[in-house]
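J.: Dropping a structure here in structure tokens format, bear with me for questions.
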Amino acid sequence: AAVRDLEKRGMRSLVIDIRNNPGGMLDDVVSISDTLLGEGVIVTVREGSGEEDVYKSGASKVDVPIAVLTNENSASASEILAAAVQDNDAGIIVGTQTYGKGVVQTTMRLNTNKAWLKITTAAYYTPGGKNINGIGVTPDIMIDLPEDLKSLPLTLLEQKDDAQLWAALDYVREKADERG
């Protein structure tokens, strides 16, 4: 709904900030990716048994230049989004290497002592076929924040000091201007 509202208001480009995003639900990132990408693979989830689920996006897409901001704390579902945008040539990634959580974990309650158990049950693969577990997604434009600003919460980082945001804005503005 937010993207459709922006389109109605004449959106010329889009910057998505997933820095410090630890992830979320697979269904949610598939839905977001489906809105952005156009036809293509979003992610493949491969179970330990070898069974695969391939999640794909439909034909509709956001037809403006897109940049996705990442950092070392962008993990799991946020990495699925970044890789889907990158591998489908729907936009670029700006920032630093992501965390590298390319596995699906399932929690279950033990009946014997009521403790919780978290086990890795599957791995996910980018549209390009890579498992990024322990590696992360590599940005197209690699740029870090100055050391003295990296410890600040992003909400306290002033826009004028956010080198990653400015690199993303420069990219999307240039691409939007090329389109006219």
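J.: Would you pick out the residues in region 1-33 that are charged (D, E, K, R) and under 16 Å from Gln86 (Cβ atoms)?
T.: If the condition is that a residue be charged (D, E, K, R) and under 16 Å from Gln86 (Cβ atoms), then Asp17, Arg19 are the ones that fit.
J.: Looking at Ala2 and the list (1) closer than 30 Å to Lys150 by Cβ; (2) in contact (Cβ under 8 Å) with a residue 24 or more places away in the chain; (3) not basic (Lys, Arg), which single condition is not satisfied?
T.: Just one mismatch for Ala2, condition (2).
J.: Does region 156-178 include one or more residues that are assigned to a helix (DSSP H, G or I), of a type in the set (Ser, Thr, Tyr) and either modelled with pLDDT of 95 or more or more than 30 Å from Val103 (Cα to Cα) (or both)?
T.: Within region 156-178 (the criterion being assigned to a helix (DSSP H, G or I), of a type in the set (Ser, Thr, Tyr) and either modelled with pLDDT of 95 or more or more than 30 Å from Val103 (Cα to Cα) (or both)), the answer is yes, since at least one residue qualifies.
J.: Considering only region 75-83, I want to know if a residue exists there that is touching a residue at least 24 places away in the same chain (Cβ under 8 Å), assigned to a helix (DSSP H, G or I) and among the charged types (D, E, K, R).
T.: Yes: one or more hits.
J.: Out of (1) over 11 Å from the mean Cα position of the chain (by Cα); (2) farther than 17 Å from Gly24 by Cα; (3) buried (at least 21 other Cβ atoms within 10 Å of the Cβ), the odd one out for Ile93 is which?
T.: (1)
J.: Is region 18-29 home to any residue that is surrounded by 14 or more Cβ atoms within 10 Å (Cβ to Cβ), out of contact with any helix residue (DSSP H, G or I) (no Cβ under 9 Å at 6 or more places or on another chain) and polar (S, T, N, Q)?
T.: no
J.: Looking at region 46-54, is at least one residue assigned to a strand (DSSP E or B), buried (at least 16 other Cβ atoms within 10 Å of the Cβ) and either of a type in the set (A, V, I, L, M, F, W, C) or in contact (Cβ under 8 Å) with a residue 60 or more places away in the chain (or both)?
T.: Yes, because at least one residue in region 46-54 is assigned to a strand (DSSP E or B), buried (at least 16 other Cβ atoms within 10 Å of the Cβ) and either of a type in the set (A, V, I, L, M, F, W, C) or in contact (Cβ under 8 Å) with a residue 60 or more places away in the chain (or both).
The values are calculated or read from the model by the stated rules, or taken from the named source; none is laboratory data. If you're wondering where the values come from, they're calculated on a predicted model, not measured in any experiment. Positions of Cβ are backbone-derived with ideal geometry, glycine not excepted, and every protein chain shown enters the neighbour counts.
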